[in-house]
Structures are given as C-alpha cells and as structure tokens.
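Step one of this worksheet: look at the structure below.
The values are calculated or read from the model by the stated rules, or taken from the named source; none is laboratory data. Remember, it's a predicted structure, so these values are computed and weren't measured experimentally. Here the Cβ is made from the backbone with ideal geometry for all residues, glycine too, and neighbour counts use every protein chain on show.
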Amino acid sequence: MFVSSRRSTSSSGPGKTAGSEAGNVHLSRTDGPAVAKRFEEIEHTADAAIKAYGRSRKVLFENAAAGMFSFITDIRKVRPRGEILVRTTAEDIEQLMVHWLQELLYAYDAQGLLFSKFDVNIRGLNLRAKARGEAIDRARHPLRLNLKAVTYNNLVVDARAGYATVVFDI
C-alpha cells in the first residue's frame, strides 16, 4: 500500500460515459431508462477533453478526476489499494480544478500511480482530497492516451449549472 502526500500552492498559468454515483445531475436516455453520467468525453480538434457533471463542487471535482483517468486507462480495473493526499489552493475555482488535476497527473507521471476513487473536500478556494488507486500493472491496465498537461484552454467550471469542461494536452 502506498501513502503519499502532495501539497501544492497557487500559481498562475495558462463520448464515453461512466457509471452512476450520488450527486450526478446529467441524465441521458438511450434504449432504456435514464442513466446519470459522471463525465463524458467530448470532441476536441487536437487534444482530449471531458465534460464532468455534479450537483456540488465536491462531486464535480471527483468526476473530473475520474474522467481524466478514463483517458489514461479503464478505471473500472483500477483497485483502490492505496491513497495519496492532495492539498491545494487557488485564486479562483477554475485554477483550483487545474491544480487538483495537475497534482493527480503528476502522481501518475512521477510515481506510476493510477486512481479510480476520489474523496474531495473544498472550503472556499482550498481543496483537500484523497485519491485512491494503485501502481500501474500493464497486464491489467492497458494505457490509452498519454496526457501531458491540464490546460486552461476552454476551461469551464460551473458548479451552479452542474458541469465542468476540461481540456488536456496530449
């Protein structure tokens, strides 16, 4: 089991549907009953992008993280065996989203960790969260996209409307 703690401070700088969890708001209808989405991949010309859904900032940030890792691998196969603690602050909610996702992407890049479960707590513009997952096992975790960065390009975080749009550099 790994336990790590990352602390970040503020800085400046520039589909597929997942299963239902409490706090989701976006419903879609296919052949059966309406199903709540956590996130969906959206079209983007050169990069990868998601639209995450949630009735609260907590759920919105958790679903954005799940959406980001869904580009990297099938998160349904990532077991929550260990956790890291992420603390970060920002000057606005958009920057807080970027910091949160950048911290997770750093743990993936630097430590070879994948995450599938998230527990986010936000007070004002301070985030404290646990990300649960495990080290990459190439037999169980075929890697899809190599995300290079979380961008501010077309970034929208609208908790009142219940969605966030995030673009990733690939």
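A few comments on the model shown:
- Under the condition of being assigned to a strand (DSSP E or B) and closer than 21 Å to Ala48 by Cα, the residues counted in the stretch 119-166 number 9.
- Residues satisfying the stated conditions in the stretch 116-135, i.e. more than 12 Å from Arg79 (Cβ to Cβ) and among the hydrophobic types (A, V, I, L, M, F, W, C): Phe118, Val120, Ile122, Leu125, Leu127, Ala129, Ala131
- Check on Asp169, acidic (Asp, Glu) and under 15 Å from Ala48 (Cα atoms): yes
- Pairs, first exposed (fewer than 15 other Cβ atoms within 10 Å of the Cβ) in the stretch 103-130, second among the acidic types (Asp, Glu) and at pLDDT 95 or above, C-beta under 8 Å, six or more apart: Asp119/Glu62
- Within the stretch 74-95, the only residue that satisfies the criterion of being touching a Ser or Thr at 6+ places or on another chain (Cβ under 7 Å), over 20 Å from Glu41 (Cα atoms) and in a helix (DSSP H, G or I) is Gln95.
- Any hit, the stretch 109-120, residues being modelled with pLDDT under 95 and among the acidic types (Asp, Glu): no
- One residue alone among Ala66, Ala46, Ala52 is out of contact with any strand residue (DSSP E or B) (no Cβ under 8 Å at 6 or more places or on another chain) and either at pLDDT 95 or above or outside any helix (DSSP H, G or I) (or both), and that residue is Ala46.
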